[in-house]
Amino acid sequence: MIFFKDYFSSVSADYAVYRPGYPDSIFEYLSALVPEPERAWDCACGNGQVAVPLSRYFGTVVATDASAGQIRHAAEPERISYLVAVAEQAPLSSASVSLVTVAQALHWFDQYRFFSEAKRILRPGGLIAVWCYGLFRCEPELDELVRDYYSNTLAGYWPPERRHIEQAYRSIAFPFAEAATPGFQMRAEWTLEQTLGYLYTWSASQRLIRAEGEQPFARLCAAIEQVWGDASSAKALRWPLSLRLGRR
């Protein structure tokens, strides 16, 4: 039996709203590397952040997530099939997809079992792409407040798996023929409300609030509000992506 740590179902509706989108260039890049972009598997799909843009480049996308709450809030274009399933035991046939994607979720998996499953499901020559991102970058004062909240206020509330994000997934053994990749980053123009909503949906923020109440997060909100200026004005946020790409 596979144990799934579900940190996200309780805030899945907010998660669907307060998350930046991945750049379309990453999906164009991946599809160009696949000889026959007919079918892809987006594992740990969440609310469809990868599955939706991926469906514009592949004939069909099978999108799986262990969280039923995330699946309920997922977007539903025609070429996407959503299934509730753990990463290590996917309901897909062997050699049935040409691309496997995992965005910001590999650190939650039993990686050895997942990679074995990915090898089973990938066609010969198929690709696996896994990526993650850390803290956003905006302006020095705002960045410093977020770093302090992340490292100090939330110390002890991040699950131990978070270290893999901080190490850009380089600490995870990657049993594929790995290829060099170009740099990608997410961008968003967000208001104060959107930025605070994003920080609120962090799994560690939710654990902090359950343990200590709303006050620590409220202090962060007040500090960010002071440096933001006009609350209705949007600021440019950037998240550099760390991508690992391998071929079966």
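Nothing in this text is a laboratory measurement; each read-out follows from the coordinates by a stated rule. Just so it is clear, the structure is predicted and the values come from calculations on it, not from any experiment. Neighbour counts run over all protein chains shown; Cβ positions are idealised from the backbone, glycine included.
Model label sites at ARG113 and VAL17, defined 7 Å from Cα along the beta-carbon direction, differ in position by 3.5 nm.
Quick check on packing: order 166-173, 20-27 by the mean number of other C-beta atoms within 10 Å, highest mean leading.
Numbers: 166-173: 13.6, 20-27: 17.0.
The packing order, highest mean first, is 20-27, 166-173.
From helices alone, the chain scores -9000 deg cm²/dmol at 222 nm; the rule is -39500 (n - 2.57) for each run of n ≥ 4 DSSP H residues, then divide by the residue total.
Please tell me the relative contact order of the chain in percent, rounded to the nearest whole number, where contacts are Cα pairs under 8 Å and at least six residues apart.
Numbers: 434 pairs, mean separation 55.0, N = 248.
Contact order relative to length: 22 percent.
Please say if region 72-184 is rounded, prolate or oblate, where rounded means a/c under 1.5 for a ≥ b ≥ c the square roots of the C-alpha gyration tensor eigenvalues, and otherwise the choice is prolate for a/b larger than b/c and oblate otherwise?
It is prolate, given that a/c is not under 1.5 and a/b is the larger ratio.
As a rough guide to protection, the peptides 45-53, 85-93 ranked by mean Cβ packing within 10 Å, highest first, stand as 45-53, 85-93. With only Cα atoms counted, the chain has Rg and Dmax values of 18.2, 55 Å.
Please compute the length gained on full extension between ALA236 and ASP24, using 0.36 nm multiplied by the number of residues separating them and subtracting their Cα-Cα distance.
Working: separation 212, 0.36 × 212 = 76.32 nm, distance 1.77 nm.
Result for the pair: 74.6 nm of gain on full extension.
Residues considered: GLY69, GLY134, GLY156. Largest GNM mean-square fluctuation over the chain, using C-alpha springs under 10 Å, is found at GLY156.
Projecting label points 7 angstrom from Cα along Cα→Cβ for GLU161 and SER93 puts them 3.0 nm apart.
With 0.36 nm allotted per residue and the present C-alpha distance subtracted, the ARG247-ALA68 stretch has 61.4 nm of extension available. Here's the picture: charge each Lys and Arg Cβ at +1 and each Asp and Glu Cβ at -1 in region 9-247, and of TYR29, ALA95, GLY156 the one pushed furthest to the positive end of that dipole is ALA95. Using 0.36 nm per residue and subtracting the Cα-Cα separation, the extra length available between GLU139 and GLU225 on full extension is 29.6 nm. Once backbone amide H atoms are built at 1.01 Å from N, CYS45 has THR64, ASP65 as its partners under 5 Å, excluding neighbours fewer than 5 places away on the same chain.
Within the chain, DSSP assigns beta bridges of which about 45% are antiparallel (rounded to the nearest 5).
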